[in-house]
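S.K.: Below you'll find the structure I mean.
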Amino acid sequence: MNRVLLFLLSTLLFSTIHSQNAILKGVLMDGDYNEPLIGANVVLNTGIGASTNLEGEYSLSIQPGSYTVEFKYVGYKTISKSINLENGAVKVINLTLQPSINQLDDIVVSASKYEQKLGEVPVSMAIIKPALIENKATRDAEAIIEQVPGVQVNENQISIRGGSGWSYGAGSRVLVMVDEMPMLAGDANDIKFSAIPMENIAQIEVLKGASSVLYGSSALNGVINIRTKYPKEKPLTNITVSNGYYMPGYANRNLTSSDGADSIPDRSSQTWWKGAQYYVQSNFTHLRKLGKNNELVLGGNFMQDQGYRLGSFENRYRLNGGLKHYSEKINGLTYGLNVNSNFNDGSVFFIWAGGDSVLHALGGTDTATTTLSEYNSSRYMIDPYLSYLDSNGNKHNLRTRFFRSDNKNNTNQAATANYYFAEYQFQKRWDNKLTLTSGITSSYTDVISELYGNHTSNNIAAFLQLDKKWDKFILSGGTRLEYYRIDSVFTEGKLFSMDKTLPFQPVFRFGGTYNPMEYTFIRASYGQGYRFPSIAEKYISTFVGGLNIFPNIQIQPEYGWSAEIGIKQGFKIKNFQGYVDVSGFLTRYADMMEFMFGFYDLDGSDISDAELAAVVQANGFGVLANYLGARSTNIQNANIPGFEASIVGQGDIGDFSLSVLAGYTFINPTPINPDSAYLSTFSDPDSQMLKYRNKHMAKIDFQVDYKKVAIGTSVRYTSFMENVDKAFTEPLPGVVINGAPVEILPGYGTYRNARRTGDIVCDARLSFGITKTSRLSFLINNVFNREYSNRPGNVLHPRTVICQYALKF
């Protein structure tokens, strides 16, 4: 009996030893700074993986066998190794990861919500590195985002490849995020650029095309994800101070009116100041580890801008921070809290005094007559989050946000919005190179407002995406189901173009890339999008500088899709490397939402000609001004085909270091079978080009570094904006005061007709490294002092001279 028991125990012990797991462990280091890489990923071909801790260490307990293991980190070259592990073996692999040299190796996360190389992304995508942000002494994200080919910003509203026009600050077809957290306010769904932490940006990822499958309603036209920096082994502090001076006068230019007459009016009198008008700003960032398991990030910004428009000014204050903890008790668990606060006050006007007084408000600065609006705003964001990578390589992310926005002014347009957001994401990878990304999101908004009234909304969605890799092919596909409610109005979803009155809105996405040879990537994609109207678009009721804005409680969601085919081709010329990207695309919208000028009843509902005539007969023609204005409306379907080519490169040529970002975009945005009522709102209905778009855009930024000196320039060209609202270019029909016709924007029609050419704007910069830790820069924005605008009545800054000092320690 004892011999049998001994035999069984021996067999069990032998079996246990024989099946003992092997251990793969090591340390990953940063090739630039010789510091541990924190949060780098080690992934086996089976999908099992681990992340490095604060010391750059990783450890995996796995079954014996042969594996392919990848070591990767955002912005660094991925290293792949084949290994064979025997029973009980302990294999140590210590590696140093080098920063990516060829941009096609850059790691991005926005396209599929997981890390992948830029070249493998099936849609058009651009990356902005922090060096460009620092070199251009950028005040806010709006200015740097506009440097990306195909991207425009019209007074805080982003348009990608002509997907959006200008909608008076309400609604956005582009979703802006910081570390995958939405930055759109809960009431107007507009972008709060002043709240974006410019002082702590690691890179900006711009995703072009419909992205609603992964990101929801506001991603109809694309996504911009701003990724922030993290602490490394040594504490790091950045301090930047800059001072900019607005130079008086605009340059004279040859002007051509629509009838071919030429004139050279003196524009030097447009500026009103005698002394200096300036702005000053300062940024700081501090990143450090706290002990072995904690990371701290602090940042802030202060800006005081005297402005170049008479009576306008702006003050900004921003403070943000984050604390992250790596759990010692639970391997793979991290959690933390990010906070951001932003305060603004200032004065602004919407309507100018006239075409020869473009920097003066209608009504001047007298408080009894002015159209200047004084405002102050505050924004708070509190973001708890949790991430867990389990022993099987499954990744769980939970992100939450509370976003409070308070806006007050002296024109009875106050609004307070509380926005609550949560997203759970699950990701799994299999050894057959299949990746599953899924999740659920939920948000709730309550608004108390003089501008819109009091309202609530909520959103619930679920999404699923699969990415599969076969040798040189990668295929991607996904779907999203989304429910939305504003007050008592609920989702009535469509399936493709068919009205199904579904209780949710389904959308789909498909795409793929083919890699026939090294650094050649051919891609094709199709993605659906949709956007629900914001509370502002549905309920806004206000009067802005002579302009009525009406509500439209009947407005419906807009739908669209985008398709693209393109190629990225990497190149290397000695030590200079980069890629060329060429693509053709088509975007189509149905029930497109747009602010449309016309006559409406006082509550924003439609009014017939007969009803309007009765009002005039009873009250006289002067009453028409109360019924004329803009209202967000589902107008026509639209078609936007186009073509884009860009080049990105960096590297050394002899003793010089060169970086280039350049591109050209062509679009032809037109309505589909437009009716006469819609075309009657166009300033040039014969062209039938959608309003507030530019058919041609070309941009280039390049910089040359030699030892401690760097010199660079940015050039942007936009063709003439063929169509704006006719209400801005002609007097109001039938409205006469004191015997004279009334114009919403006095003199704009003549001003516009004399400037029917595109605009070229050039910026230049020169910087010098004083020490290894400090740098002094001199910049001139709008070098040739071009008088130009991005929407009617919004003339942009004259030549601005800037001095910046940056210190890192």
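The values are calculated or read from the model by the stated rules, or taken from the named source; none is laboratory data. This is a predicted model, so every value here is computed, not measured. Glycine also receives a Cβ, built like all others from the backbone with ideal geometry; neighbour counts cover every protein chain displayed. In case anyone asks, the SASA skips ligands and DNA or RNA and just uses the protein heavy atoms, side chains included. Shrake-Rupley method; radii C 1.70, N 1.55, O 1.52, S 1.80 Å.
S.K.: Simple spin-label model, 7 Å along Cα-to-Cβ: residue 677 to residue 91 in nm?
M.R.: That separation, rounded to one decimal, is 7.1 nm.
S.K.: For the chain, what is the relative contact order in percent, using Cα pairs closer than 8 Å and at least 6 residues apart in sequence?
M.R.: Working: 2241 pairs, mean separation 87.5, N = 809.
The normalised contact order for the chain reaches 11 percent.
S.K.: Also: How high is the relative contact order of the range 428-514? Use alpha-carbon pairs under 8 Å, at least six apart in sequence, and give a whole percent.
M.R.: Values: 184 pairs, mean separation 20.2, N = 87.
The value is 23 percent.
S.K.: Would you mind putting 615-623, 776-784, 686-694 in packing order, based on average other-beta-carbon counts within 10 Å, highest first?
M.R.: Numbers: 615-623: 12.0, 776-784: 17.9, 686-694: 19.6.
Descending mean neighbour count gives 686-694, 776-784, 615-623.
S.K.: Another question, then. Of 468/568; 234/572; 234/428; 72/232; 91/234, which ones are farther than 25 Å apart at the Cα?
M.R.: In this structure, 234/572; 234/428; 91/234 lie more than 25 Å apart at Cα.
S.K.: What list of ³J(HN,Hα) couplings, whole Hz, do you get for the range 478-490 from phi and the Karplus terms 6.51, -1.76, 1.60, once you set θ to phi - 60° and write x for glycine and proline?
M.R.: Couplings: x, 8, 9, 10, 9, 10, 9, 9, 10, 6, 9, 9, 10 Hz.
S.K.: Pairing the Cα long axis of helix 609-619 with the longest principal axis of the chain, what angle in degrees results, from 0 to 90 and rounded to the nearest 10?
M.R.: For 609-619 against the chain, the angle is about 50 degrees.
S.K.: I'd like the FRET efficiency for residue 753 and residue 80, computed as 1/(1 + (r/R0)^6) with the beta carbon distance as r and R0 of 51 Å, rounded to 0.05. Don't jump to the answer; show the numbers that get you there.
M.R.: Working: r = 61 Å, r/R0 = 1.20.
Efficiency, rounded to the nearest 0.05: 0.25.
S.K.: Please report the antiparallel percentage of the DSSP beta bridges confined to the chain, to the nearest 5. List each step's numbers first, then the result.
M.R.: Details: 328 of 343 bridges.
Roughly 95 percent of the beta bridges in the chain run antiparallel, per DSSP.
S.K.: Just to make sure I understand: if all protein chains stay in place, what is the order of 496, 403, 666 by accessible area at 1.4 Å, largest first?
M.R.: Details: 496 110, 403 5, 666 65 Å².
Largest accessible area first, the list is 496, 666, 403.
S.K.: Where does the charge balance sit around residue 636 when Lys and Arg score +1, Asp and Glu -1, over other residues with C-beta under 10 Å from its C-beta? The partial results should precede the final answer.
M.R.: Details: positive: none; negative: 591, 594, 675.
Cβ neighbours under 10 Å give a net charge of -3.
S.K.: Here's another thing I want to ask about it. Using only Cα atoms, locate the centre of the range 215-232 and the centre of the range 596-670, then give the distance between them in Å, rounded to an integer.
M.R.: Rounded to whole Å, the Cα centres lie 25 Å apart.
S.K.: Work out the length of the dipole vector of the range 151-218 about its Cα centre, built from +1 on the beta-carbon of each Lys and Arg and -1 on the beta-carbon of each Asp and Glu, and round it to the nearest 20 debye.
M.R.: Values: 4 positive and 7 negative charges, 61 e Å.
Here the size comes out at about 300 debye.
S.K.: Moving to a separate point now. Taking 0.36 nm per residue of separation and subtracting the Cα-Cα distance, what length does fully extending residue 356 through residue 325 add?
M.R.: On the way: separation 31, 0.36 × 31 = 11.16 nm, distance 5.86 nm.
Length gained, residue 356 through residue 325: 5.3 nm.
S.K.: Read phi for every residue in the range 348-354 and hand back ³J(HN,Hα) as whole Hz from Karplus 6.51 cos²θ - 1.76 cosθ + 1.60, θ = phi - 60°, with x for Gly and Pro.
M.R.: Working through the residues one at a time gives 8, 10, 9, 10, 7, 6, x Hz.
S.K.: Name the long-range amide H neighbours of residue 139: under 5 Å, sequence gap of 5 or more, or other chain; modelled H, no Pro or chain starts.
M.R.: Counting only residues 5 or more places away or on other chains, the set is empty.
S.K.: Under a Cβ-Cβ cut-off of 15 Å, what is the net charge of the residues other than residue 462 that fall near it, where Lys and Arg count +1 and Asp and Glu count -1?
M.R.: Around residue 462, the charge tally is +1.
S.K.: Take every Cα pair under 8 Å in the range 692-809 that's 6+ residues apart, average their separations, divide by the length, and report that relative contact order as a whole percent. List each step's numbers first, then the result.
M.R.: Values: 217 pairs, mean separation 25.9, N = 118.
Relative CO of the range 692-809 lands at 22 percent.
S.K.: Pop a pseudo-label 7 angstrom from the Cα along the beta-carbon direction at both residue 774 and residue 643 and give the gap in nm to one decimal.
M.R.: Label at residue 774, label at residue 643, 5.2 nm between them.
S.K.: Which angle between 0 and 90 degrees, to the nearest 10, do you get for helix 2-18 versus the longest principal axis of the chain when only C-alpha atoms count?
M.R.: Its long axis makes an angle of about 40 degrees.
S.K.: Going toward the positive end of the dipole of the range 306-461, with +1 on Lys and Arg Cβ and -1 on Asp and Glu Cβ, which of 361, 339, 454 do you reach last?
M.R.: About the Cα centre, the residue reaching furthest to the positive side is 339.
S.K.: So, by mean Cβ neighbours within 10 angstrom, what's the order for 488-494, 356-362 with the highest one leading?
M.R.: Values: 488-494: 15.9, 356-362: 20.3.
Per-residue Cβ counts within 10 Å, averaged per peptide and sorted highest first, yield 356-362, 488-494.
S.K.: For residue 695, enumerate residues with amide H under 5 Å from its amide H, sequence gap 5+ or separate chain, H modeled in the peptide plane.
M.R.: Amide H to amide H, under 5 Å and 5 or more residues apart or across chains, residue 695 pairs with 719, 722.
S.K.: Moving on. Starting from the amide H of residue 179, placed 1.01 Å from N in the peptide plane, find each other amide H under 5 Å away whose residue is 5 or more places distant or on another chain.
M.R.: Here the answer is 226, 227, 228, since their amide H atoms fall under 5 Å of that of residue 179.
S.K.: Using a cut-off of 18 Å between alpha-carbon atoms, which lysines can reach residue 699, once sequence neighbours fewer than 8 places away in the same chain are excluded?
M.R.: 129, 136, 208
S.K.: Out of [x] 28.5; [y] 31.0; [z] 30.1, which label holds the value of Kirkwood radius over Cα pairs in Å that was computed here?
M.R.: Among [x] 28.5; [y] 31.0; [z] 30.1, the one calculated here is [x].
S.K.: Still on this structure, I have one more. What list of ³J(HN,Hα) couplings, whole Hz, do you get for the range 386-398 from phi and the Karplus terms 6.51, -1.76, 1.60, once you set θ to phi - 60° and write x for glycine and proline?
M.R.: Computed from phi, the couplings for the range 386-398 are 8, 9, 9, 10, 7, 5, 8, x, 7, 10, 10, 10, 10 Hz.
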